[in-house]
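One structure is given here, and the rest of the page talks about it.
The values are calculated or read from the model by the stated rules, or taken from the named source; none is laboratory data. Computed from a predicted model, the values in this text were never measured in an experiment. All Cβ positions, glycine included, derive from the backbone under ideal geometry; neighbour counts span all protein chains shown. What goes into the accessible areas is simple: the full protein's heavy atoms, side chains included, and nothing from ligands, DNA or RNA. Shrake-Rupley method; radii C 1.70, N 1.55, O 1.52, S 1.80 Å.
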Amino acid sequence: QVQLVESGGGLVQAGASLRLSCAASGIRFSINSMGWYRQAPGKQRELVALTGSGGNTNYADSVKGRFTISRDNAKSTVYLQMNSLKAEDTAVYYCKAFNYPTHWGQGTQVTVSS
């Protein structure tokens, strides 16, 4: 059974940092590309960052230089370090394993006050 459990969200002021975690189970984590998505109220879910099975990374233009995605294959966990947070980063953040496109976790709320 595929499970993705996100954690680490919260309410912070603009300029602060947060580190999100996503623990995966039921999948061969090391061979999966993993992505972080976010969905703000009234907006479509968007891809924020991804990391390939080899550790390569890619970012949405809106978060480049501020967010860093990383993975720990031994722990089947993917992280998103978010620095210099802005009000427009406010959203529910989800992770996804690319080999399991229909599986989503419950998400973790990030709220940035300006």
I need a count of the residues in region 4-19 that are under 24 Å from residue 73 (Cα atoms) and open to solvent by 30 Å² or more (accessible area, probe 1.4 Å). 6
Can you confirm whether region 50-57 contains a residue that is out of contact with any Ser or Thr (no Cβ under 8 Å at 6 or more places or on another chain), over 17 Å from residue 6 (Cβ atoms) and touching a residue at least 12 places away in the same chain (Cβ under 8 Å)? yes
Meets criteria (under 13 Å from residue 111 (Cα atoms) and open to solvent by less than 10 Å² (accessible area, probe 1.4 Å)) for residue 91: yes
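Of everything in region 79-98, what is farther than 22 Å from residue 42 by Cα and hydrophobic (A, V, I, L, M, F, W, C)? Give them in sequence order.
Matches in region 79-98: 80, 82, 97, 98.
Got a sec? Which of 59, 94 is within 20 Å of residue 23 (Cβ to Cβ) and touching a strand residue (DSSP E or B) at 6+ places or on another chain (Cβ under 8 Å)?
The unique qualifying residue is 94.
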Number of positions in region 74-87 that are surrounded by 16 or more Cβ atoms within 10 Å (Cβ to Cβ) and not in a loop (DSSP other than H, G, I, E, B): 5
Subset of region 20-49 (residues that are open to solvent by less than 60 Å² (accessible area, probe 1.4 Å), closer than 16 Å to residue 102 by Cβ and either among the basic types (Lys, Arg) or in a loop (DSSP other than H, G, I, E, B) (or both)): 26, 27, 32, 33
Between a residue in region 66-81 that is on the phi < 0 side of the Ramachandran plot and any residue that is assigned to a loop (DSSP other than H, G, I, E, B) and open to solvent by less than 10 Å² (accessible area, probe 1.4 Å), which pairs come within a Cβ distance under 8 Å, given they are 6 or more apart or on different chains? 66/85
Filter region 50-73 for residues that are under 16 Å from residue 94 (Cα atoms) and in a loop (DSSP other than H, G, I, E, B); the one that is most open to solvent (accessible area, probe 1.4 Å) is 60
Tell me, which residue of region 99-114 that is in contact with a Gly (Cβ under 7 Å, 6 or more places away or on another chain) and surrounded by 14 or more Cβ atoms within 10 Å (Cβ to Cβ) is nearest to residue 40 (Cα to Cα)? 110
